[in-house]
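Please read the structure below before turning to the comments.
Taken together, the values in this text are just the output of simple stated rules run on the coordinates, not laboratory data. A quick note: this is a predicted structure, and the numbers were derived from the prediction, not measured. Glycine also receives a Cβ, built like all others from the backbone with ideal geometry; neighbour counts cover every protein chain displayed.
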Amino acid sequence: MTGAGDRLRAILDSLRVGVIAIDANGRTELQNAEASRILGVSATATRGRKLEAYLGPEHPALSLFAEALRNQREVSAHACTLPQPFGKEPLIVDLAASPIGVGDEVDGAVLTLRDRTIGSELESLMDQRALSELFSQLAAGFAHEVRNPLGGIRGCSELLSDKLNDSELQRYPELIRDETDRILRLLDGLSEFTRGGDLRLQPVNLHQVLDKLLELHSHAAGWRGVEVVREYDPSIPELELDPDRMTQVFLNLVRNAVQAMGDRGRLVLRTRMDAQFQISSDEKGRLRMVRVDIDDTGHGISEKDMPHIFTPFFTRREQGTGLGLAVSQHWVVRHGGRIQAFHLPEGGTRMRVQLPVRRGA
Ligand SMILES: Nc1ncnc2c1ncn2[C@@H]1O[C@H](COP(=O)(O)OP(=O)(O)O)[C@@H](O)[C@H]1O
Ligand SMILES: [Mg+2]
């Protein structure tokens, strides 16, 4: 390549936008470094080949190219999910295709790809944080306002009970007392959101937190047939955490997993550095996260329930309060992290907690 060609190549490769040019026959002429990263194929592997040969016939880039050539104008598609090779997380990408040519003659097209994955991740983190703060304020106000009148109602039912000798009527004040107690228990659950609202952060070895929790609880009822597997990544650094809070979070998750498995199953606790947040050598503005996956082989979560499991009071269990996941999400978010649920192909559930690594750690 000429000096000017090399220079152009270097400029294209330095862009934070993926660029691919195809000729009139749909064969790839040029592909810059960012496009190679987003598509997961190298430029040498694609040069001179048709797009569908290496992206597959279903790839959204194909229809975009076809439309740009057919209508001879720019077409774009926002927030496309692009699958990645080797089981990596899909990327969220904005695509735009424009026809190119000399004069009126169209003899090819250019596609640009903008990776929005990091931006979307940050947006969803912000959403979780705002919602969680709002709920915790509501919960605190609500619990405070309701506790006093309930105390009054409970006291009156006891007075009534003392006055009523008639055993037929006696059961009514008892009913009032039992039901009031049930509401008071729920209020206790709600105050988990706010009790000691400040985090007591300290450097913590995450694996020690998990080990201690397993040691304390694995003798409990319901664990007998559960095989516990630890797949820890020894390279993860210490994290700045509130150990009590995070123990409570992981305990909630592990309990749910064990409950979902009934008598027997396999519980896997896996830790690792989150690759998705390390894609750039440029550390500025990027988050380094540690990921903890808790996989179970339980009954799973139905498609219908999935959007609701973090909502306070949502429960499918007879004795449930529906506060375990809501409280867990609250504390994870307060740590600057995130919590998500996934279906596992074998039918169980994966709960994923991501926690930030402070700069310099
Ligand atoms: N690991 C899991 N496997 C299957 N279902 C789960 C799992 N974790 C949570 N769930 C579902 O989410 C609901 C809410 O969980 P949670 O907030 O902990 O409340 P609770 O345990 O009191 O029901 C559960 O009732 C259950 O239906
Ligand atoms: Mg629970």
Area projected by the alpha carbon convex hull of the chain, averaged over all directions, nm²
26.0
Percent antiparallel among DSSP beta bridges confined to segment 198-361, rounded to 5, stands at 75
Beta bridges by DSSP in the chain, antiparallel share as percent, to the nearest 5:
85
Report the extension gain between residue 140 and residue 58 in nm, rounded to one decimal, defined as 0.36 nm multiplied by the number of residues separating them, less their alpha carbon distance.
24.5 nm
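Is segment 118-196 rounded, prolate or oblate when judged by the Cα gyration tensor, a ≥ b ≥ c being the square roots of its eigenvalues, rounded requiring a/c under 1.5 and prolate requiring a/b larger than b/c?
Since a/c reaches 1.5 and a/b is larger than b/c, the shape of segment 118-196 is classed as prolate.
Take the alpha carbon gyration tensor of segment 198-361, find the square roots of its eigenvalues, order them as a ≥ b ≥ c, and report rounded if a/c is under 1.5; if not, report prolate when a/b exceeds b/c, else oblate.
Judged from the Cα gyration tensor, segment 198-361 comes out prolate (a/c at least 1.5, a/b above b/c).
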The local net charge around residue 293, scoring Lys/Arg +1 and Asp/Glu -1 for residues other than residue 293 whose Cβ lies under 10 Å from its Cβ, equals +3
Selected from 301, 176, 22 as most flexible by GNM, with the chain as the system and alpha-carbon contacts under 10 Å:
176
Convert each backbone phi in segment 48-56 into a coupling constant with the Karplus relation 6.51 cos²θ - 1.76 cosθ + 1.60 (shift: θ = phi - 60°), then list the ³J(HN,Hα) values in order as whole Hz, x for Gly and Pro.
x, 9, 6, 4, 5, 5, 10, 9, x
Give the calculated FRET efficiency between residue 313 and residue 202 to the nearest 0.05, with a Förster radius of 30 Å applied to their Cβ-Cβ distance.
0.40
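Which trypsin sites (Lys or Arg not before Pro) in segment 20-59 sit in a loop by DSSP (not H, G, I, E or B) and have at most 12 other Cβ atoms within 10 Å of their own Cβ?
Passing sites in segment 20-59 are 47.
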What aspartates and glutamates could a cross-link reach from residue 50, if we take a straight Cα to Cα line under 13 Å and drop same-chain neighbours fewer than 8 places away?
23, 29
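Please sort through the DSSP H helices of the chain and keep those with an alpha-carbon extent of at least 20 Å along the long axis and a Kyte-Doolittle average not below -1.0.
Counting only whole DSSP H runs, the qualifying helices are 117-163, 167-191, 243-261.
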Debye log10 I(q)/I(0) for segment 139-275, one point scatterer per Cα, at q = 0.16, 0.18 Å⁻¹:
-0.94, -1.03
Express the Stokes-Einstein translational diffusion coefficient of segment 3-115 in µm² s⁻¹, to the nearest whole number, given a Kirkwood radius over alpha-carbon pairs, 4 °C and a viscosity of 1.567 mPa s.
91
Looking at segment 144-229, which trypsin sites (Lys or Arg not before Pro) are DSSP coil and have at most 10 other C-beta atoms within 10 Å of their C-beta?
195, 200, 224
Compare the Cα positions of 148, 44, 186 along the charge dipole of the chain (+1 at Cβ of Lys, Arg; -1 at Cβ of Asp, Glu; about the Cα centre) and return the one farthest towards the positive end.
44
Hey, what do the phi angles of segment 262-274 turn into as Karplus ³J(HN,Hα) couplings, whole Hz, using 6.51/-1.76/1.60 and θ = phi - 60°, x for Gly and Pro?
x, 7, 9, x, 10, 10, 10, 10, 10, 10, 6, 5, 7
Given the C-alpha centroids of segment 64-84 and segment 174-231, what is the distance between them in whole angstrom?
49
Determine the calculated [θ] at 222 nm for the chain from helices alone, applying -39500 (n - 2.57) to every DSSP H run no shorter than 4 residues and normalising by the residue count; nearest 500 deg cm²/dmol.
-14000 deg cm²/dmol
